[in-house]
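So the structure is just underneath, and the comments pick up after that.
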Amino acid sequence: MSHDNVGHADHADSGHGHDQSHGGLGKYLIVGGLLAVLTAISFAAGSSKTIMSTPQLGWTIMIAVSCAKAMLVMLFFMHLIWEANWKYVLTVPASIMSLFLMLMLVPDVGLRTRNYSEERLLRAATPAAADSNSPSEEAEMKEGDTPTDGHKQH
Amino acid sequence: MAQHDSGHHDDHGHIQLEYQPSLPINNGKVILWLFLSTEIMFFSGLIGTYIVLRFGSPAGTWPGPHDVHVVEKLGALNTFVLICSSLSIVLSLEAARSNKASLAKIWFGLTFFLAFVFLFIKGIEYNSKFDHGIYPQKPHSQIYEKADIYYVSAVRTRLNELVTKWQTEDTELATAPNTAKQLEDEQQSATARRDALNGMSNRSEQENDELRQLTKRLPEIKAALGDLASKTKGLEAGSADRKVRLPIAESILNDFARWAELTAATASDDLVTRHKRQAAMEILAYQVYPLHRDAHAVSEYLRAEEADRNQEAAKLAAERAELHGNATAATLEALKALDLTPAPEPGADAAAPPSTNLSPEESAVLERLAAIDKRLAQTRHREEALDEHFAVRYDSNEHTFMHTGHDGHESEWHGLNDDYHWLKLPMKIPSGNMWASTYFLLTGFHALHVVVGLIVFACIIPLKLDATRANMIENTGLYWHFVDLVWIFLFPLLYLF
């Protein structure tokens, strides 16, 4: 452990003097261009009817693209790629905690509709108008256009 | 930065231990990174809650971007704007480190400008939501979760409000000259009486009292006249609008909202009736604010409703002819008196039997005939209103209703709220309330961070951005990149999912 610390301190020490050598106009422009291209990719995926017909595929693509963009911004624009190991101390626990935070919401918030009471369901949103009626009901309605036909359920 | 005089020497002489009092970065940066790590948790809390709420909403209800006037292109543009601003601030840092102060200022100014552009576009987007009645909270929010009886009665209430308001205003305008005349008359007589009293040399106690009263009353009358004049002016200004809007609102109230409410109130509880009740409410909800996903079902409902209407009308007409055929001479006489042959307007009190001496059976026939005619009139009005306010064609390929604009160009129909922007009727957007809350909370907190960034930029811009300020620019940049980072996740989640 102590060996590691020495190493980082040295590295940081020596690296500090010529910070500007890390970045450079070219590198930043490339990263900026990549970010724009990635935005275009996620926009195209989100607007494509073919991809969004399987929404899970679209979501995966878009989240993957977002993660890639986030990594590019953090590593290059925020200089994390050139920082010493302290970067892990500050970013990794925060990220893990936020992941846990999201998971903690799943049972009570994400799965809330599973525990809805009858009464609560009465006030809950219903999906598209078509789905609110079972196919059998639909068929029944077409047969019995007149209310006097006596299509009683029971 | 590493310190070698740690004060004590280790026994293992060949290992040179170094004591490091702090992180190998400047204090400002440490603090900023600590702040950013709390920000990571703050925003991932928000974004995580959004994801969990979105995917945990009742299946298939979360509104799509176009259901809530989200424009993906504006979102993508804003993403691009933020990326450019991130790039420009990093270039500003580069310039400052090489001591090129003026170049650094140009890049920094560009960042400042791009942040403004971002907020401007955001403002346009918010405005279009507000314009369409999408707010995060009541009383502005007009979003209903489903087309149930509460929704239909909310639509009816709003239309009633409009109609009553305009009718009252019309009445007030009509009676204004009369009221003004009364006030003027009073003013005239009061002035005359006051002058007369003033002219008297010795007034009694009672007359003195009267004079005091009149002196008090006269300015009141004057003020009332002034109020009336300005009110009349306002009412006259609105009268042209009212003339156009009142019939439209009345027609939508009677032939859409009340029609749906009446159908929804059908008492029978068999499946067919239940289905029809739901269909009537769904049709109304679609007419007010069409959701693309409902279009197909609504087109089916409308077809079924038309078939129902025709069937009912045919049946009623047949019954009517039969009743006429069997009518006794006395009934025919009464019928003529009532002039029932052309179907009366709804609302006309046609059901009242004439006071001739008819037998109970004959009265019953009359009442039935009146009821039939009332229903037939309702049906006819419904059809006329559909033709007028719902002149659309269902496109079965695109699964949407199309209407032809004034220029003859056919485009997607956007509903009564869009056709008549003053209607502002309640809308059915399933899960729309939750959507609005999360959308405004997420984008609002992000915009707040942009505003803070702008303030910081404004403080730094007047300084000379040479190498001594590099750390300051770096720390500001770190914050700004984080704002960009959050948007990178918000864009697909809010605009594309």
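The values are calculated or read from the model by the stated rules, or taken from the named source; none is laboratory data. Computed from a predicted structure; not experimentally measured. Cβ: placed from backbone, ideal geometry, glycine included. Neighbour counts: every protein chain shown. Accessible surface areas use protein heavy atoms only, side chains included; no ligands, DNA or RNA. Shrake-Rupley method; radii C 1.70, N 1.55, O 1.52, S 1.80 Å.
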Answer residue from the range B:458-480, given it is open to solvent by less than 30 Å² (accessible area, probe 1.4 Å) and among the β-branched types (Val, Ile, Thr) and is farthest from the other protein chains (Cβ to nearest Cβ) among those: B:Ile460
Just checking, does the range B:32-45 include any residue being more than 9 Å from chain A (Cβ to nearest Cβ) and not in a helix (DSSP H, G or I)? no
List the number of the failed condition for B:Leu386; all other conditions in (1) at pLDDT 90 or above; (2) surrounded by fewer than 19 Cβ atoms within 10 Å (Cβ to Cβ); (3) within 30 Å of B:Glu322 (Cβ to Cβ) hold. (2)
Selection over the range B:127-156 where residues are in contact with a helix residue (DSSP H, G or I) (Cβ under 9 Å, 6 or more places away or on another chain), free of Cβ contacts under 8 Å to residues at least 12 places away in the same chain and outside any loop (DSSP other than H, G, I, E, B) yields a count of 1
Do we have any residue at all in the range B:270-289 that's more than 11 Å from chain A (Cβ to nearest Cβ), under 21 Å from B:Pro430 (Cα atoms) and assigned to a loop (DSSP other than H, G, I, E, B)? yes
Give the residues of the range B:481-497 that are within 9 Å of chain A (Cβ to nearest Cβ) and within 16 Å of B:Ile460 (Cβ to Cβ), sorted by residue number. B:His481
Only one residue in B:Arg194, B:Arg242 is basic (Lys, Arg) and touching a residue at least 40 places away in the same chain (Cβ under 8 Å), so which one is that? B:Arg242
Conditions (1) modelled with pLDDT of 95 or more; (2) of a type in the set (A, V, I, L, M, F, W, C); (3) out of contact with any Leu (no Cβ under 6 Å at 6 or more places or on another chain); number of the one not met by B:Leu159: (3)
Out of (1) open to solvent by 40 Å² or more (accessible area, probe 1.4 Å); (2) within 8 Å of another protein chain (Cβ to nearest Cβ); (3) within 34 Å of the chain's Cα centre (by Cα), what's the single condition that is false for B:Gly56? (1)
B:Asp308: passes all of (1) within 30 Å of the chain's Cα centre (by Cα); (2) of a type in the set (Asp, Glu); (3) facing another protein chain (nearest Cβ under 10 Å) but (1)
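Listed here are the residues, each with its yes/no results for (1) modelled with pLDDT under 95; (2) open to solvent by 60 Å² or more (accessible area, probe 1.4 Å); (3) within 20 Å of A:Leu29 (Cα to Cα).
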residue	(1), (2), (3)
B:Lys73	yes, yes, no
B:Glu94	yes, no, yes
B:Ala115	no, no, yes
B:Lys122	no, no, no
B:Lys129	yes, no, no
B:Gly133	yes, no, no
B:Gln137	yes, yes, no
B:Glu145	yes, no, no
B:Tyr150	yes, yes, no
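Every residue, every condition in (1) more than 10 Å from chain B (Cβ to nearest Cβ); (2) closer than 22 Å to B:Thr61 by Cα; (3) assigned to a helix (DSSP H, G or I), yes or no:
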{"site": "A:Ile63", "(1), (2), (3)": "no, yes, yes"}
{"site": "A:Ala68", "(1), (2), (3)": "no, no, yes"}
{"site": "A:Phe76", "(1), (2), (3)": "no, no, yes"}
{"site": "A:Ala84", "(1), (2), (3)": "no, no, no"}
{"site": "A:Val92", "(1), (2), (3)": "no, no, yes"}
{"site": "A:Leu103", "(1), (2), (3)": "no, no, yes"}
{"site": "A:Asp108", "(1), (2), (3)": "no, yes, yes"}
Within the bounds of the range B:164-177, is there any residue that is under 30 Å from B:Asn254 (Cα atoms), modelled with pLDDT of 90 or more and of a type in the set (Gly, Ala, Ser)? yes
I'm trying to understand the selection: among the residues of the range B:438-457, which are open to solvent by 50 Å² or more (accessible area, probe 1.4 Å) and touching a residue at least 40 places away in the same chain (Cβ under 8 Å)? B:Leu441, B:Phe445, B:Val451
Name the pairs whose Cβ atoms lie under 8 Å apart, with the first residue in the range A:60-75 and in contact (Cβ under 8 Å) with a residue 60 or more places away in the chain, the second open to solvent by 10 Å² or more (accessible area, probe 1.4 Å) and not polar (S, T, N, Q), and 6 or more positions between them or separate chains? none
Which residue, of B:His414, B:His406, is over 16 Å from the mean Cα position of the chain (by Cα) and open to solvent by 70 Å² or more (accessible area, probe 1.4 Å)? B:His406
